[in-house]
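The values are calculated or read from the model by the stated rules, or taken from the named source; none is laboratory data. Since we're looking at a predicted model, the values are computed, not measured. Cβ atoms come from the backbone with ideal geometry, glycine included; neighbour counts cover every protein chain shown.
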Amino acid sequence: MSDDSYVRIFDTTLRDGEQSPGATLDTEAKIEIAHQLARMGVDVIEAGFPAASPGDLEAVKRAASEVGTAKGPIIAGLCRAHPPDIDACWEAVSPAAKPRIHTFIATSDIHLEHKLRMTREQVLAKVSEMVAYARQHCADIEFSAEDASRTDPTYLYEVFAAAVEAGATTLNVPDTVGYIQPAEYGELIRGMFKHVPGIEKCIVSVHCHDDLGFATANTLAGLQAGARQAECTINGIGERAGNASLEEIVMSLRTRPNYYNLKTGIDSTHLVRSSHLVSTRTGISVPPNKAIVGANAFAHEAGIHQDGVIKYAETYEIMTPETVGLAQSHLVLGKHSGRHALRMRLEEIGFELHGEEQLDRIFQRFKRYADARKEVTEAELEAIAADEIHQSEDLYVLHGVHVSCGVPSIPTASVSITRPDGEYETLAATGTGPVDAIFTAVNRICRLDVELREYVVHAVSGGIDTLGEVTVRIRSKDEAPRTFSGHGTDADILVASAKAYLSALNKLARAALRKKQDTGAASAEAVA
């Protein structure tokens, strides 16, 4: 961008965000999120780590083909400074109209000594060699110095100078472990412009983690110091405590234009929709007090605050709900609404429907809920549509749940499920409570041994008759345990619990299937 006030938004939800424990996304979910990020106007989508697995390579390649159009965002893949990684990355991103290879190597002494076991001179040579190698594939090369915030600045600038000379076009300064403070980070970025020859030919990027709670503050400090690319994720998800939050960065620049004198190309009315989509697909709930997109971000309970907002909203609201995509009024859809109106509204809030059959399923569920509640809010419609679309991709399909419980009876659940082999089974089980009974019955039908790690329930909107949303997190009990999350929505919280649990089991089953296919493919290749 020629405009020096323009900040590129580099979204890494599909790569760094997916590294959140339990947030594994399948290919379809990744593509759905990528389309939403493109609609919102992000400049760069880091779609994955292609060398990590054949599945990740395929997901990045699909994002490059389907989302990386001439008018769409840059599609990037992450890779280590290693020729096979770089080759895999190029294979994945090359279908995009604007591909980017993002390569990295650690530069702090603690990483060099204990992880890489390399000298500073060896890493410096590696940077020059691998950036030049990547440049043979692609004109757009981003180089990251992992753990830059704990690297000796003099050596860091030397590393970046080598990357520039070898052909890097974007220089990323990661605060990999969330260690640095805002003033320090700003000084580090300013130092780059003083001490890295050729930096005027590059975009400086900032990538911050939230281990000490400074991810957004550090990102903004870096931008004030001259960086013009911000790396971030929806809802701030990511490794450990997470990444800088896209919505917080975007709305900080938009709400305080005279302070920052910076702007982005993000359509902020997509922020809440994007937040809900990522939360639903990853199973990671958004805390009510989360800035910008949390349920309480525009809620006022104190009488003094309510009085002020009624008289003049700006007394207690520094931005309007509409700017982030929240509707202040109820959605005008009820039991008399037709399929055409429903389709139009779903498309308006960002859902891509695939065929009349999918619309019919959403419409029938919408009608059943509207008959009971009379009117449906936008949040409830989003929950219904997201839940129905997600279930259509399941290996294990839930058909029915019946629960008997109370005092002094023993909680008993009867569950009906179709397994991937097409076999339909109904099975009853008892438990310490109704939810435990449901989960026990599901486990026996699915024949999977897992440990429940987390169970969270919350209401989609106000009122006793609202939809209930359940998020669960399970952990497999195999040789290499993995965590999976699931999400379910229903007016009956016990049914929502069954949906959420089965959703998590479906993710586990799909991961196991992909692993089996990858192992089979590797064996066949070895034989060949």
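When we screen Gly186, Gly198 for residues that are in the same structural domain as Asp16 (by TED's automatic domain parsing) and at positive phi, the only hit is Gly198.
Every residue, every condition in (1) basic (Lys, Arg); (2) at pLDDT 85 or above; (3) not assigned by TED's automatic domain parsing to the domain that holds Ser275, yes or no:
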{"site": "Gln358", "(1), (2), (3)": "no, no, yes"}
{"site": "Arg373", "(1), (2), (3)": "yes, no, yes"}
{"site": "Ala379", "(1), (2), (3)": "no, no, yes"}
{"site": "Val403", "(1), (2), (3)": "no, yes, yes"}
{"site": "Ala428", "(1), (2), (3)": "no, yes, yes"}
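Each row is one residue, and each column tells you yes or no for (1) surrounded by fewer than 24 Cβ atoms within 10 Å (Cβ to Cβ); (2) hydrophobic (A, V, I, L, M, F, W, C).
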| residue | (1), (2) |
| --- | --- |
| His207 | no, no |
| Leu220 | no, yes |
| Glu231 | no, no |
| Arg240 | yes, no |
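All conditions but one from (1) crowded, with 19+ Cβ neighbours inside 10 Å; (2) assigned to a strand (DSSP E or B); (3) modelled with pLDDT of 95 or more apply to Ser416; the one that does not is (1). Annotation: of all residues in the range 435-458 being within 13 Å of Ala496 (Cβ to Cβ) and surrounded by fewer than 21 Cβ atoms within 10 Å (Cβ to Cβ), the one that is modelled with the lowest pLDDT is His458. Could you tell me whether Val164 is in the same structural domain as Val250 (by TED's automatic domain parsing) and within 23 Å of the chain's Cα centre (by Cα)? Answer is no for this residue. Among the conditions (1) assigned to a helix (DSSP H, G or I); (2) buried (at least 19 other Cβ atoms within 10 Å of the Cβ); (3) of a type in the set (A, V, I, L, M), Ile101 misses just one, which is (1).
When the range 255-291 is limited to residues that are surrounded by fewer than 16 Cβ atoms within 10 Å (Cβ to Cβ) and touching a helix residue (DSSP H, G or I) at 6+ places or on another chain (Cβ under 6 Å), the one that is nearest to Ser20 (Cα to Cα) turns out to be Ala291. Filtering the range 30-74 down to residues that are among the small types (Gly, Ala, Ser) and assigned to a loop (DSSP other than H, G, I, E, B), which residue is farthest from Ala88 (Cα to Cα)? Restricting to residues being among the small types (Gly, Ala, Ser) and assigned to a loop (DSSP other than H, G, I, E, B), the top hit is Gly41. Look at (1) surrounded by fewer than 22 Cβ atoms within 10 Å (Cβ to Cβ); (2) polar (S, T, N, Q); (3) touching an Asp or Glu at 6+ places or on another chain (Cβ under 6 Å) and you find that Gln224 fails only one, number (3).
The lone criterion from (1) over 20 Å from the mean Cα position of the chain (by Cα); (2) within 20 Å of Val415 (Cα to Cα); (3) in contact (Cβ under 8 Å) with a residue 12 or more places away in the chain left unmet by Val470 is number (1).
Taking every residue in the range 475-494 that is in the same structural domain as Arg510 (by TED's automatic domain parsing) and pairing it with any residue that is modelled with pLDDT under 80 and of a type in the set (Lys, Arg), at least 6 positions away or on another chain, the pairs with Cβ-Cβ distances below 9 Å are Ala491/Arg368; Ala491/Arg373.
Among the residues of the range 267-286, those identified as more than 18 Å from Met251 (Cα to Cα) and not in a helix (DSSP H, G or I) are Gly283, Ile284, Ser285. Just one of Gly198, Gly213 is over 20 Å from Tyr157 (Cα atoms), out of contact with any Pro (no Cβ under 8 Å at 6 or more places or on another chain) and small (Gly, Ala, Ser); which is it? Matching residue, one of Gly198, Gly213: Gly213. Would you please name the residue that is surrounded by the fewest Cβ atoms within 10 Å (Cβ to Cβ), looking only at residues in the range 146-169 that are in contact with a Phe, Trp or Tyr (Cβ under 7 Å, 6 or more places away or on another chain) and closer than 22 Å to Asn243 by Cα? Checked the range 146-169; the qualifying residue surrounded by the fewest Cβ atoms within 10 Å (Cβ to Cβ) is Arg150. Set side by side, the residues Ser144, Ser205, Ser149 differ, and just one is touching a helix residue (DSSP H, G or I) at 6+ places or on another chain (Cβ under 8 Å) and not acidic (Asp, Glu), which is Ser149. Listed by position, the strands (runs of 3 or more DSSP E) inside the range 162-261 whose residues that are under 23 Å from Ile110 (Cβ atoms) number at least 3 are 170-175, 203-208. For the range 196-203, state whether one or more residues are under 10 Å from Gly222 (Cβ atoms) and touching a Ser or Thr at 6+ places or on another chain (Cβ under 7 Å). Within the range 196-203, not a single residue is under 10 Å from Gly222 (Cβ atoms) and touching a Ser or Thr at 6+ places or on another chain (Cβ under 7 Å).
Thr466 meets the stated requirement of being surrounded by 16 or more Cβ atoms within 10 Å (Cβ to Cβ), polar (S, T, N, Q) and more than 20 Å from Leu25 (Cβ to Cβ). Quick check: anything in the range 431-441 out of contact with any His (no Cβ under 6 Å at 6 or more places or on another chain), hydroxyl-bearing (Ser, Thr, Tyr), assigned to a loop (DSSP other than H, G, I, E, B) and touching a residue at least 60 places away in the same chain (Cβ under 8 Å)? No: the range 431-441 contains no residue that is out of contact with any His (no Cβ under 6 Å at 6 or more places or on another chain), hydroxyl-bearing (Ser, Thr, Tyr), assigned to a loop (DSSP other than H, G, I, E, B) and touching a residue at least 60 places away in the same chain (Cβ under 8 Å).
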